[in-house]
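The block underneath contains the structure these notes are about, expressed in structure tokens.
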Amino acid sequence: MFFDGNTGSAAQRKTRATPLLMSTLTLAAVLVMVFPETCLSINTAPASANESLPAGGKVVAFRWFPTVSGWKTQRVVAGTEFDVPIEVEVQGDVSEISFAISAKFRDFGIGFEKETSEVLKGKAHSRVVFRIVEGMPLGRHDLGIRIFERRTGREIGSGSIPFIILPSDLECLC
């Protein structure tokens, strides 16, 4: 008799595979939460030296401060709300800047505490507000933040916050 390892109907094989898939996904989520990546508590994305930026000012550093020291990817649980402080170092004749993110991330429930910030001693500050609504795609994302000189409306730099959306207690992985 020939045995190929595929016993039972296709529906029975699919039913046996589903718990294995769910166990694997649950284990992956737990590992992401238990083993935080090690890095400095401040992530910096300096503007490129050969980047074509308008005269008058440019972003020389972008920093974000994770909610837990040492994380280099911010963890976000769907259905919760929290802020991530950001700091921008600006060089040149810039007195006020504004921040912008794509419509995709605004639809996720991400915004700014204040979209404009005054530049004092070469630095500007704001907070990115995460209010991720249920049903957003789980997994890793990169929040691109564009920075504009308020007076002229010209883009003077950008930065990003890597984050991962994890399921809430209410969501089911089935």
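Only the coordinates and a few stated rules stand behind these numbers; no lab work does. Keep in mind that this is a model prediction, so the values were computed, not measured. With ideal geometry, Cβ positions are generated from the backbone for all residues, glycine too; neighbour counts draw on all protein chains shown.
Taking H placed 1.01 Å from N in the peptide plane, check which residues at least 5 places from PHE82 or on another chain put their amide H under 5 Å from its amide H.
Amide H neighbours of PHE82: PHE130.
Where a ≥ b ≥ c are the square roots of the eigenvalues of the C-alpha gyration tensor, would you call segment 118-168 rounded, which needs a/c under 1.5, or, failing that, prolate if a/b is larger than b/c, or oblate?
Prolate.
Find how much the distance from THR152 to VAL68 grows on full extension, using 0.36 nm per residue of separation minus their present alpha carbon separation; answer in nm with one decimal.
Extra length from THR152 to VAL68 when fully extended: 26.6 nm.
Assuming a viscosity of 1.306 mPa s and a temperature of 10 °C, what translational diffusion coefficient in µm² per second does Stokes-Einstein assign to segment 66-174, Rh being the Kirkwood radius over Cα pairs?
For these conditions, the coefficient is 107 µm²/s.
What residue among VAL90, GLY135, PRO162 has its Cα farthest toward the positive end of the dipole of segment 38-166, where the charges are +1 on Lys, Arg and -1 on Asp, Glu, each on the Cβ?
With unit charges placed on the Cβ atoms, the residue in question is PRO162.
So if we plug the beta-carbon distance of ASP142 and GLU118 into 1/(1 + (r/R0)^6) with R0 = 30 Å, what FRET efficiency do we get, rounded to 0.05?
0.65
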